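Accompanying notes for the structure given below.
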Amino acid sequence: MPSSPPVITRFAPSPTGHLHIGGARTALFCWAYAKRHNGSFLLRIEDTDQKRSSEAASRGILEDLAWLGIDWDEGPVFKRENADGTVNTPPTTLGGNPREIGSFYQSERRDIYDTYINWLVERDLAYPAFDTPEELTVRRQLAEKEKRTFVYRRAADYNRDAVLSRMNAGEPCPIRFKMPGTPISFTDEVLGEITVSADELDDFVIRKADGFPTYHFAVVIDDELMGTTHIMRGQEHLNNTPRHIALMKALVNQTTNQPFRIPKFAHLTVIANQDNSKMSKRDRDKAARAKCRELNIKAVTDVSAKAGTKPLPHFDALPPGDFEQWLGDKTRQLETHALEDLATAIGVELPEIAVDDFRRSGYLPEAVLNYIALLGWNPGEKGPDGKDLERFDTAYLVEKFSFDRVGKSASKFDRAKLIAFNQDAIAKLTDDQFLSRWEIWATRDDRETLGRVGVSRLRLVVGAIKGRCRTLKDVRSLVSFAMIDDGAYAFNAKDVEKHLKADDGAGFETLRALAPKLQALPAFDVASIDALLDAHATQTGLGMGKIAQPLRVAVTGAAVSPPLGATLAILGRDSSLARIRRCIDAQA
Ligand code: GLU
């Protein structure tokens with residue numbers, strides 16, 4: 001018996017924007033399946049839709065996958081860069097082309113597609129179609145009148161010689177595949193038996209008039225030539241699969257002279273929001289539109305009024321009227337950066353949808369991967385606590401992943417659960433790991449905190465704040481007191497009353513007594529400050545609350561902050577003393 005070929009899975013995104021979280025889930029499952037079977041995982045960029053594809057989006061998708069740690073064995077070469085733009089030494093390079101199977105960008109494979117299209121046309125298995133849009137409209141309307149779905153078929157009076165000579169004379173036209181007119185069946189690894197009757201399957205376009213192949217054609221050719229054995233993709237492609245199978249059955253591999261193989265298929269469930277709507281990039285526009293409605297924003301001028309004097313570079317660059325049209329049309333999307341400018345101006349949090357949204361919000365890749373692995377799959381094991389085992393790493397996923405545990409119904413995206421996963425993943429980091437992850441993240445996404453607080457001061461308080469961070473973004477609010485100038489923070493009147501003025505200003509007394517001690521402390525670090533405060537408590541017989549709260553209010557303006565030693569240490573000696581002085585001068 002011939003041994004079965006090595007497993008080859010592939011992820012084949014169309015580069016029309018950042019990687020959607022659903023795409024990441026597909027990529028993860030393809031990756032895990034290939035690893036599980038010692039096969040390879042291939043990445044291919046499906047950029048034949050010239051209008052919608054972009055180089056920047058391709059690059060973004062490679063970055064998103066690399067950030068998640070989903071590495072591809074074959075595919076575009078990608079060098080992992082550090083946050084500062086330098087390349088690691090030695091560089092961590094992903095991808096490559098060991099089998100020399102040609103470009104992984106479909107736009108660079110047009111000659112290959114043309115060879116196969118010509119082969120089909122020569123055998124009358126595909127044909128040029130010169131219908132005008134008007135003719136197609138008439139046929140569509142007729143179908144509507146007769147209450148049947150319009151299914152394109154070659155006209156009975158089709159004159160092959162005539163159309164071929166028009167095509168050979170260079171007249172642009174689409175090429176359609178001639179459907180064989182038989183039902184198509186296949187067994188989906190997740191959904192089971194699927195049969196589609198012949199009358200639902202049209203003679204679909206395989207090459208557009210612009211000369212580019214359609215997705216349906218390029219995907220079939222590449223999956224054959226790249227040796228894909230298992231195709232995993234979203235359920236939105238389920239209707240396409242019978243068309244692809246019909247093509248596979250018609251085609252012969254020009255190198256091996258063998259008929260095309262039919263790979264195995266697995267269609268993955270849709271990822272839904274809690275309200276069952278499909279999780280889509282449009283949800284971000286929806287959230288911003290809802291906030292505009294709440295704030296009664298009806299025109300671009302209302303936004304500038306709300307935003308005060310702050311410049312909104314991308315939003316302000318929108319063409320006139322765009323914003324108003326977007327407000328009234330829920331199918332429209334604002335350009336990403338313009339939408340983000342708007343969200344900041346009107347104070348709305350946009351829901352994360354793309355992998356890059358989650359990265360920018362301060363999620364850790366291991367938490368995202370763990371969470372998305374559970375969207376439509378579960379290991380079917382109990383953890384030590386007797387509950388369903390949900391926390392695992394990718395090594396575990398690789399060991400356990402199989403199609404028989406992939407679900408058939410939509411998977412709901414539970415943001416609270418992802419946050420819990422993320423918080424736990426953060427808590428698991430060592431202090432050093434936390435600081436270096438935060439630094440990499442902040443270099444791109446929170447330069448202000450990085451600049452004003454910095455890693456070395458954050459190191460002083462890392463033990464106190466790490467456990468409180470749900471995301472890396474939370475660092476900012478936890479140390480926000482240290483980001484304000486010493487003379488600029490406001491005092492909470494109630495806290496001043498309760499912790500400083502009460503008992504005839506006992507709190508102020510404490511501040512006066514502590515200031516010289518803090519001034520004289522040899523080292524101004526968390527341990528020394530804590531020891532000093534303990535000693536002061538013992539000496540005066542005051543409870544720790546009576547010492548800590550006045551100090552906290554003095555240096556931050558309010559009675560809530562990270563533990564006091566950490567709070568003072570991150571401020572440093574000079575700032576701490578300046579703040580205590582300012583509090584006594586202004587409030588006593
Ligand atoms: N380019 C297609 C997409 O992004 C890929 C579909 C497939 O995996 O066949 O949806």
Tell me which trypsin sites (Lys or Arg not before Pro) from region 91-145 have a DSSP coil assignment and no more than 15 other beta carbons within 10 Å of their own.
ARG99, ARG123
Note down the magnitude of the dipole of region 321-467 about its Cα centre, charges +1 on Lys and Arg C-beta and -1 on Asp and Glu C-beta and zero elsewhere, to the nearest 20 debye.
440
Correct semi-axes for region 307-448, from √(5λ) of the alpha-carbon gyration tensor and rounded to whole Å with the largest first, are 37, 22, 11
What percentages make up the Cα-Cα pair-distance distribution of region 85-231 when the bins are 10 Å wide from 0?
9, 30, 30, 19, 7, 4, 1
Taking the Cα centre of each part, how many Å lie between region 350-410 and region 421-494?
27
Put +1 on the Cβ of each Lys and Arg and -1 on the Cβ of each Asp and Glu in the chain; which of PHE265, GLY383, LEU327 then has its Cα farthest toward the positive end of the dipole?
GLY383
Of all DSSP beta bridges with both partners in the chain, the antiparallel percent, nearest 5, is 55
How much length is gained if the chain between ARG405 and LYS264 is pulled fully straight, taking 0.36 nm per residue apart and subtracting their Cα-Cα distance, in nm to one decimal?
49.1 nm
At 4 °C and a viscosity of 1.567 mPa s, what translational diffusion coefficient does Stokes-Einstein give for the chain, taking Rh as the Kirkwood radius over Cα pairs? Give it in µm²/s as a whole number.
45
Charges only on Cβ, +1 for Lys and Arg, -1 for Asp and Glu: so what's the dipole of region 24-162 about the Cα centre, in debye to the nearest 20?
600
I want to check the label-to-label distance for GLU100 and VAL560. Put each point 7 Å from Cα in the C-beta direction and report it in nm to one decimal.
6.5
Given +1 on the Cβ of Lys and Arg, -1 on the Cβ of Asp and Glu, and no further charges, what dipole in debye does region 1-83 carry about its Cα centre, rounded to the nearest 20?
200
Points 7 angstrom from Cα along the Cβ direction at GLU134 and ALA305: gap in nanometres?
5.1
Of SER165, TYR152, PHE177, which is farthest on the positive side of the dipole of the chain, counting Cα position, with +1 on Lys and Arg Cβ, -1 on Asp and Glu Cβ, and the Cα centre as origin?
TYR152
Which FRET efficiency value, to the nearest 0.05, is calculated for ASN118 and LYS79 with the Förster distance at 35 angstrom and r the Cβ-Cβ distance?
0.40
Work out how much length ASP283 to MET544 would gain on full extension: take 0.36 nm times their residue separation and subtract the Cα-Cα distance, in nm to one decimal.
89.1 nm
Based on the Cβ-Cβ distance of LYS51 and ALA513, what FRET efficiency does E = 1/(1 + (r/R0)^6) give at R0 = 60 Å, to the nearest 0.05?
0.25
Over all distinct Cα pairs, what is the inverse of the mean 1/r for region 1-159, reported as the Kirkwood hydrodynamic radius in Å?
19.2
Log entry: pair-distance distribution for region 437-557, C-alpha pairs binned every 5 Å from zero, whole % per bin is 2, 10, 17, 19, 18, 16, 10, 5, 2, 0
Express the relative contact order of region 322-421 as a whole percentage, based on alpha carbon pairs under 8 Å and six or more residues apart in sequence.
23
How many times 2.2 N^0.38 Å is the alpha carbon radius of gyration of region 506-581?
0.95
Region 559-588 residues near the modelled ASP504 label - backbone nitrogen below 19 Å, point 7 Å along Cα→Cβ:
588
For a quick check of your reading of the filter: which GluC sites (Glu not before Pro) in region 358-443 sit in a DSSP loop and have no more than 13 other Cβ atoms within 10 Å?
GLU381
Whichever lysines have a C-alpha closer than 22 Å to that of LYS517, once near sequence neighbours (fewer than 8 apart) are set aside
LYS501, LYS546
Sorting THR538, LEU518, TRP31 by the position of each Cα along the dipole of the chain (Lys, Arg +1; Asp, Glu -1; all at Cβ), the one nearest the positive end of that ordering is THR538
Rh (Kirkwood; distinct C-alpha pairs) - region 255-329, Å
16.4
GluC sites (Glu not before Pro) within region 82-184, DSSP loop, no more than 11 other Cβ atoms inside 10 Å
GLU100, GLU146
Per DSSP helix of 4 or more residues, -39500 (n - 2.57); summed, then divided by the residues of the chain. What does that give at 222 nm, rounded to the nearest 500?
-14500 deg cm²/dmol
Between ARG160 and THR195, what is 0.36 nm times their sequence separation minus the Cα-Cα distance? Round to one decimal in nm.
9.5 nm
To the nearest Å, what is the center-to-center distance of region 205-274 and region 133-178, using C-alpha atoms only?
23
Could you pull out every one of the lysines with an alpha carbon less than 24 Å from that of LYS382, ignoring same-chain neighbours closer than 8 positions?
LYS35, LYS400, LYS408, LYS412, LYS417, LYS428
Can you compute the FRET efficiency between ASN253 and ASN296 using 1/(1 + (r/R0)^6), with r the Cβ-Cβ distance and R0 = 45 Å? Round to the nearest 0.05.
0.10
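Read-outs: derived from the displayed coordinates by stated rules, not from any lab. Since this is a predicted model, take the numbers as computed values, not measurements. We place every Cβ from the backbone using ideal geometry, glycine too, and count neighbours over all the protein chains shown.
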